[in-house]
Amino acid sequence: MRLRPCPAHSARNVAGQTPRLRESRGFVRSLVLPVALPMAVLLSACGGGAEQNADPNAEAATALHEAQPLNVRDATLVAESSESGTYSELVTVRYSEEVRASTELDKPECMDAANQWGGLEGVRDAPASVAAYEWSGGAVTHMLVRLDEETAAEAVSTEPPESCDEYTATHEDGTTSDYRVRDLEDVPHIGDASRAFTVEVESAGETRHMVSLMYRNGELVGSTSVVGNGGLEDYERMLVEFSEAAVERQRQMLG
C-alpha cells in the first residue's frame with residue numbers, strides 16, 4: 001500500500017477536519033468497525049486550510065506526538081497524515097464514530113467491540129496523538145493517549161464479548177463486510193500490560209488482515225495496528241517490533 005503525498009502546502013491534519021475519501025473508502029470503512037484506525041494513513045487524507053481551534057490539550061498532545069517513533073525498520077512516519085489533540089476531536093475518532101453510526105451489525109454487541117475503551121470516562125477528554133507510517137508491506141498506525149493509571153489499566157483490560165469472533169456488518173450503501181476475530185496468543189507482553197488480536201475482513205470479494213496490539217506504559221495507552229494484504233506472520237513481527245520501539249521512544253522522550 002503506497003500513500004499519495006499531500007500537496008507541499010498541507011500541514012499535519014488537525015482535529016475537527018474531515019478527510020477527503022478516495023477510492024479505497026469502502027474497504028477502509030469496514031476496518032474502522034473493530035478498532036479506530038487513522039483515516040489519514042489509509043485514505044491519504046490531507047488537512048484543509050482551517051485553523052486549529054484552541055485546544056486545552058494542545059501542549060500535552062504535542063508532547064505525545066513528539067514521542068512517536070520516527071521509523072521502525074522501513075516503516076517511516078508520514079507527518080502530513082498524522083494528527084494530535086483531544087481524543088474525541090481527532091479526525092480518526094470522529095470519522096470512525098460516523099461510520100459506526102451508519103452501520104448495522106447482525107450482532108449489535110460487536111459494534112466497536114475492540115475499541116470500547118474509547119468510551120471510558122476520562123478517555124474522550126484526554127490528550128492523544130495518532131501517527132501514520134508508510135511501510136512496504138502495508139500500513140502501520142499508532143495511537144497514543146495519556147490517562148490516569150487506573151483508567152489506563154481499565155482500558156487495556158477491556159475485551160470484546162465472546163460472541164464477536166465472527167459477525168457481519170451492513171453499511172449505509174448496502175454493501176456488507178464479514179469479520180473473523182481471534183486473539184494472538186503467542187505475541188509477547190509489551191509495557192506493563194498488553195493484548196493483541198487479528199481481524200480478517202472480507203468485503204467486495206477482497207480479503208485483508210489487520211493485526212492490532214493495545215498496551216499500557218504507566219499512564220500511557222498505546223494502540224498499534226498493521227493492515228494490508230501481505231503475510232500475517234510478517235505483520236505480527238512488525239506489530240511487536242513497532243510496539244516495543246514505541247515504548248522505548250516514550251521512555252526516552254517522556255521519562
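Each residue in the range 225-243 was checked for being modelled with pLDDT under 90 and touching a strand residue (DSSP E or B) at 6+ places or on another chain (Cβ under 8 Å), and 5 of them qualify.
Within the range 59-82, if we keep just the residues that are charged (D, E, K, R) and in a loop (DSSP other than H, G, I, E, B), the residue that is surrounded by the most Cβ atoms within 10 Å (Cβ to Cβ) turns out to be R73. Of all residues in the range 95-114, those that are more than 16 Å from A36 (Cβ to Cβ) have Cβ atoms under 8 Å from Cβ atoms of residues that are assigned to a helix (DSSP H, G or I) and of a type in the set (A, V, I, L, M, F, W, C), 6 or more apart or on another chain, in K107/C164; E109/C164. Summed over the range 227-249, the residues that are buried (at least 17 other Cβ atoms within 10 Å of the Cβ), more than 18 Å from the chain's Cα centre (by Cα) and not in a loop (DSSP other than H, G, I, E, B) give a count of 1. Can you tell me which residues in the range 127-143 are of a type in the set (A, V, I, L, M) and under 16 Å from Y215 (Cβ atoms)? If the condition is that a residue be of a type in the set (A, V, I, L, M) and under 16 Å from Y215 (Cβ atoms), then A128, V130, A131, V140, M143 are the ones that fit. Residue pairs whose Cβ atoms lie under 6 Å apart, separated by 6 or more positions or on different chains, with the first residue in the range 192-218 and closer than 11 Å to Y235 by Cβ and free of Cβ contacts under 8 Å to residues at least 40 places away in the same chain and the second acidic (D, E) and in a strand (DSSP E or B), are H209/E200.
The condition of being of a type in the set (S, T, Y) and crowded, with 17+ Cβ neighbours inside 10 Å holds for only one of T224, T207, that being T224.
The values are calculated or read from the model by the stated rules, or taken from the named source; none is laboratory data. No experiment lies behind these values; they were computed from the predicted model shown. As a convention, Cβ positions derive from the backbone with ideal geometry for all residues, glycine included, and neighbour counts pool all protein chains shown.
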